[in-house]
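Note sheet for the following structure.
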Amino acid sequence: GESVGLHLPTLSVQEGDNSIINCAYSNSASDYFIWYKQESGKGPQFIIDIRSNMDKRQGQRVTVLLNKTVKHLSLQIAATQPGDSAVYFCAENPYGGATNKLIFGTGTLLAVQP
Amino acid sequence: DTGVSQNPRHKITKRGQNVTFRCDPISEHNRLYWYRQTLGQGPEFLTYFQNEAQLEKSRLLSDRFSAERPKGSFSTLEIQRTEQGDSAMYLCASSPTTQGGYTFGSGTRLTVV
């Protein structure tokens with residue numbers, strides 16, 4: 001069946017370092033990908049998205065890389081701050097704009113050490 | 001507009017009782033989605049509306065679950081005869097019609113005892 005992501009791993013980084021969170025997806029039909037950040041007790045918060053016709057997109061302190069050859073997505077956070085501590089989910093849309101339904105992975109816990 | 005609003009934030013209910021949750025989306029968003037999230041997992045799609053029409057329902061949405069969006073604005077999700085397995089965070093999100101990221105609400109955490 002379709003699946004996105006890994007079992008929930010934990011990434012521990014020092015404040016100020018760069019973080020890289022990885023995600024694997026299995027559906028080659030997916031043409032749209034999103035990274036969400038979820039803090040404890042809150043709903044997922046949109047961080048950045050990328051369409052399949054791109055391989056890199058940059059935001060403020062964040063960069064998403066898409067490698068369609070190996071079906072891999074990564075989120076890079078520059079100069080990680082304590083406020084970045086959260087669970088990060090990648091999500092894919094293999095259904096196109098008709099439904100805009102997303103498949104989420106299980107997430108990665110980012111722990112930023114002061 | 002302060003984003004997607006969900007009420008209540010928390011609900012504790014006894015097994016067998018019915019519960020109803022409400023979601024108020026961002027006003028200009030045509031699409032509204034319900035997802036369920038269990039601890040340590042990513043959200044799972046339940047159903048979505050475009051305006052007042054319910055266009056898709058997941059297999060996860062058993063006959064005990066029903067969702068409505070009567071006027072194309074707020075939506076309700078009702079669970080009848082709740083079971084312990086229904087305990088989860090129920091997330092609502094909205095988006096414009098075109099493909100794009102959702103805006104999620106803070107969710108309703110349901111605990112069935």
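The values are calculated or read from the model by the stated rules, or taken from the named source; none is laboratory data. Quick caveat: nothing in here was measured; it's all calculated off a predicted structure. Cβ atoms come from the backbone with ideal geometry, glycine included; neighbour counts cover every protein chain shown.
At a glance:
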{"read-out": "Scan of the stretch B:63-76 for residues that are in a strand (DSSP E or B) and touching a Ser or Thr at 6+ places or on another chain (Cβ under 7 Å), ordered by number", "value": "B:Ala67, B:Glu68, B:Thr76"}
{"read-out": "Strands (runs of 3 or more DSSP E) wholly inside the stretch A:46-89 containing at least 3 residues that are in contact with a helix residue (DSSP H, G or I) (Cβ under 6 Å, 6 or more places away or on another chain)", "value": "none"}
{"read-out": "Exclusive hit being more than 11 Å from chain A (Cβ to nearest Cβ) and either within 11 Å of the chain's Cα centre (by Cα) or within 24 Å of A:Tyr88 (Cβ to Cβ) (or both), set B:Asp86, B:Asp63, B:Asp24", "value": "B:Asp24"}
{"read-out": "Residue list for the stretch B:27-43, restricted to those being at the interface with chain A (Cβ under 10 Å from one of its Cβ atoms), within 11 Å of the chain's Cα centre (by Cα) and either basic (Lys, Arg) or more than 16 Å from A:Lys42 (Cα to Cα) (or both)", "value": "B:Tyr33"}
{"read-out": "Residues that are at pLDDT below 95 and within 21 Å of B:Lys14 (Cα to Cα), drawn from the stretch B:61-84", "value": "B:Leu61, B:Ser62, B:Asp63"}
{"read-out": "Hits in the stretch A:54-74 (condition: within 14 Å of chain B (Cβ to nearest Cβ) and surrounded by 14 or more Cβ atoms within 10 Å (Cβ to Cβ))", "value": "A:Arg57, A:Val62, A:Val64, A:Leu73"}
{"read-out": "Pairs, first closer than 13 Å to A:Asp31 by Cα in the stretch A:58-78, second surrounded by 15 or more Cβ atoms within 10 Å (Cβ to Cβ) and among the β-branched types (Val, Ile, Thr), C-beta under 6 Å, six or more apart", "value": "A:Leu66/A:Ile50"}
{"read-out": "Subset of the stretch B:48-106 (residues that are surrounded by 13 or more Cβ atoms within 10 Å (Cβ to Cβ), of a type in the set (Ser, Thr, Tyr) and touching a residue at least 60 places away in the same chain (Cβ under 8 Å))", "value": "B:Thr82, B:Tyr90, B:Ser94, B:Ser95, B:Tyr102, B:Thr103, B:Ser106"}
{"read-out": "So B:Gly101, is it in a loop (DSSP other than H, G, I, E, B), within 19 Å of A:Tyr95 (Cα to Cα), touching a Ser or Thr at 6+ places or on another chain (Cβ under 6 Å) and small (Gly, Ala, Ser)", "value": "no"}
{"read-out": "Conditions (1) closer than 25 Å to B:Gln37 by Cα; (2) more than 14 Å from chain B (Cβ to nearest Cβ); (3) surrounded by 14 or more Cβ atoms within 10 Å (Cβ to Cβ); number of the one not met by A:Gly83", "value": "(3)"}
{"read-out": "Residue check for A:Arg51: more than 9 Å from chain B (Cβ to nearest Cβ) and among the basic types (Lys, Arg)", "value": "no"}
